[in-house]
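Colleague: The structure follows.
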Amino acid sequence: MRARFLVALTFATLTLPAKADFAGCLAGIRSHAVGQGISGATFDKVMSGIEPDMKVIELMNNQPEFKTPVWDYLATLVDDQKVAEGRAMLSKHASTLTRIEQAYGVDRHAVVAVWGVESDFGQIGSGRYLPQALSTAACFGTRRREFFRGELIATLKIIQNGDLEPEKLRGSWAGAFGHTQFMPSTYLRLAVDFDGDGRRDLVDSIPDALASTANYLKKSGWITGASWGYEVRLPAGYSGPSGRTGKQGLESWSSRGITKVDGSALSPLPAAGLLLPAGANGPAFLVTKNFDAAYAYNAAESYALAISMLSDRLRGKPGVRGKWPTDDRGLSRAERKELQEKLIRRGYDVGKPDGAIGALTRAAIKDVEAKLGLPQTGRPGGKVFEALD
Ligand code: CA
């Protein structure tokens, strides 16, 4: 029964809905949009001739099969290549970043780290046309239709304000776009014009994009001059409180025997929570409100940790020093590409070796793991990488 149901569901999501259904839905959105200040002319100019893109619904329904371990996540987002490119960007845009620090009080390394994690420093690509993707999600989405309708209306506002031409509005299926991957409603609230041309342009203006990121972090509670926190060491058998949001003064943490990761006394920091991303047997971090500001960007602690570690490495500090509770480390993007090349040499079809791990690569890893006598995980880890030598 379950299998039949899934087949039916897949079939339904891939079937193009009737033209009249889409037209009727758009008419409803149009009256909402007009009620929120979008002119009928703007709506008609942008939306006429648009057809639904049902791939959006497929992507919306495509839940990842398993949770990515935090060490895999960090290994790809904070790798040597990203650090080198980030340092080059820090120097190329030094004067803009100085002005941004003066205007917003947000540290340049954090701003550049967000840029690097969000779009690999502006590798935006073409992406989906937002009016099409968002109207599809608003009309045929399996959840949050009102949310996507709001994002579509925000997109129309961006166009109507003259910030961006419609053809520049390309991004993810869910609507994030530009150098810093803002959602349209976030764009309206927090994007700024920093190059002084009168338009907020997070697609083609790096000063606008970086200043908008700084503005976002500032509005999310960034404390000027403070650090996001640092890695710490727990005493053996630690069973005290933990969690990002349980902020306490440093004396409380030091009284529980917590030290810096090198064993030295805790150095000054605003109130901090004790983050244990992989439990008490993995690396531990004291995190301040500046960590929370990065968290606000994407509502994930592993994301905020990636931003924080990348910002540290951009400053020349080391990455995570504690051991993750695994004997199968994560791979950098370069290593993932190399893993794919190794699989190709073994005769597997993994598509183009680009370091992006899709279904073909996962299937090949599973197969080769069996041949090598390893547990079949399908995960691009250090064990299978090294066993293939
Ligand atoms: Ca501008």
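Colleague: Can you list the residues of region 68-87 with backbone N under 12 Å from a point 7 Å past the Cα of Ala387, pointing along Cα to Cβ?
Modeller: Output list for this probe position: empty.
Colleague: While we're looking at this one, here's another question. Using a Gaussian network model on the chain with a 10 Å cutoff between Cα atoms, which of Lys157, Lys92, Lys218 fluctuates the most?
Modeller: Most flexible of the set in this elastic network: Lys92.
Colleague: So which GluC sites (Glu not before Pro) in region 38-142 end up in coil per DSSP with only 13 or fewer other C-beta atoms within 10 Å?
Modeller: Filter output for region 38-142: Glu65.
Colleague: Go ahead and set up a Gaussian network model of the chain, Cα springs under 10 Å, then flag whichever of Gly171, Gly319, Gly196 fluctuates most.
Modeller: It is Gly196.
Colleague: At 1.4 Å probe size, with the rest of the protein present, what percent of the exposed accessible area of region 79-180 is carbon and sulfur atoms?
Modeller: Carbon and sulfur together cover 45 percent of it.
Colleague: State to the nearest 20 debye the size of the charge dipole of the chain about its Cα centre, where the only charges are +1 on K and R beta carbons and -1 on D and E beta carbons.
Modeller: Here the chain has a charge dipole of around 720 debye.
Colleague: I would also like to ask the following. Taking only Cα atoms and a 10 Å spring cutoff, compute GNM fluctuations for the chain and point out the largest among Val34, Val287, Val261.
Modeller: Maximum fluctuation in the GNM of the chain, among the listed residues, is at Val34.
Colleague: Just check the chain against the gyration tensor rule for me: Cα atoms, a ≥ b ≥ c as the square roots of the eigenvalues, rounded for a/c under 1.5, and otherwise prolate or oblate depending on whether a/b exceeds b/c.
Modeller: In terms of gyration-tensor shape, oblate.
Colleague: I'd like to compare 206-214, 361-369: which one has the highest average count of other Cβ atoms within 10 Å, and what's the full order after that?
Modeller: 206-214, 361-369
Colleague: Another question about this same structure. Put +1 on the Cβ of every Lys and Arg and -1 on every Asp and Glu Cβ in region 211-292; which of Tyr238, Thr288, Ser264 then has its Cα farthest towards the positive end of the dipole?
Modeller: Farthest towards the positive end: Thr288.
Colleague: Please report the accessible area of Ser308 (heavy atoms, 1.4 Å probe, ligands and nucleic acids excluded) in Å², nearest 10.
Modeller: 0 Å²
Colleague: If you look for lysine pairs in region 222-362 that are eight or more places apart or on different chains, how many of them have Cα atoms under 20 Å apart?
Modeller: 7
The values are calculated or read from the model by the stated rules, or taken from the named source; none is laboratory data. If you're wondering where the values come from, they're calculated on a predicted model, not measured in any experiment. When we count neighbours, we look across all protein chains shown, and the Cβ atoms used for this are built from the backbone with ideal geometry, even at glycine. Areas reflect the complete protein model, heavy atoms only, side chains present, ligands, DNA and RNA absent. Shrake-Rupley method; radii C 1.70, N 1.55, O 1.52, S 1.80 Å.
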